[in-house]
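Q: I'd like to ask some things about the structure below.
Taken together, the values in this text are just the output of simple stated rules run on the coordinates, not laboratory data. None of the values given here were measured: they were computed from a predicted structure. Every residue, glycine among them, receives a Cβ derived from its backbone with ideal geometry; neighbour counts consider all protein chains shown.
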Amino acid sequence: MLRSERHDPRPIGLALIAVGKLIKVVLLLSAGVATLTMARDPPHSLLHWAHVVGVDAGNRWLHLVISKASGLSTHQLRELGVGSFVYATIFAIEGTSLWLQKHWAEYLTMIVTLSFVPLEAYEVAHRISTAKVVTLGLNLAALAYLIGRLLARRAPARLGSASR
């Protein structure tokens, strides 16, 4: 049977990484829309979005976000919104392509993930938090998994050429 006719099961590691990337897409798209909306009228639009998603208007986290957003200029809010869409696009390409088991997506994901590691490590060292440590740990685990897959794929090719 030809390889294209055979059903290759999706490795659970790839599926988990792909789903994680696609969850990031949803979060970044939401953040981008909210940020661009805030650029028009920060406090009122935040309260509106909080009401839409069911967050209590008295929530301390909501007020923290409002106070942080109030200190940003309209230009900065627009830049954050556009940046969110750019990252969402990258993560959408990664997640979808990993889900479809494209080998090039594994390389892309390794490069993109590796590019964030120094920043994440700095953030953990600068101001440690559980969320930052977990994020760094998950990204390092994804990198280790993808590198392991790459090395495993290359091992049979090296063994085959050594026996000749």
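Q: Could you calculate the FRET efficiency of V33 with A131 from 1/(1 + (r/R0)^6), where r is the beta carbon distance between them and R0 is 25 Å, rounded to 0.05? Let's see the in-between values first.
A: Values: r = 22 Å, r/R0 = 0.89.
It comes to 0.65.
Q: Using the Karplus equation 6.51 cos²θ - 1.76 cosθ + 1.60 (θ = phi - 60°), what ³J(HN,Hα) coupling, rounded to whole Hz, does each residue of region 113-119 give in order, writing x for Gly and Pro?
A: Here the 3J(HN,Hα) series is 5, 4, 5, 8, 4, x, 5 Hz.
Q: Quick one: grab the alpha carbon gyration tensor of region 102-156, order the square roots of its eigenvalues as a ≥ b ≥ c, and give me rounded if a/c is under 1.5, else prolate or oblate depending on whether a/b is larger than b/c.
A: prolate
Q: Using +1 on the beta carbon of Lys and Arg, -1 on that of Asp and Glu, and nothing else charged, what's the dipole of region 102-156 about the Cα centre, debye to 20?
A: The dipole of region 102-156 has a size of about 200 debye.
Q: Taking region 61-108, which trypsin sites (Lys or Arg not before Pro) meet the DSSP loop condition and have no more than 15 other C-beta atoms within 10 Å? Don't skip to the answer; put the middle values down first.
A: Details: sites: K68, R78, K102; in loops: K102.
Here the trypsin sites (Lys or Arg not before Pro) that fit, given the DSSP loop and packing criteria, are K102.
Q: Grab the Cα-Cα distance for R149 and S115, subtract it from 0.36 nm times how many residues apart they are, and report the gain in nm with one decimal.
A: Length gained, R149 through S115: 10.3 nm.
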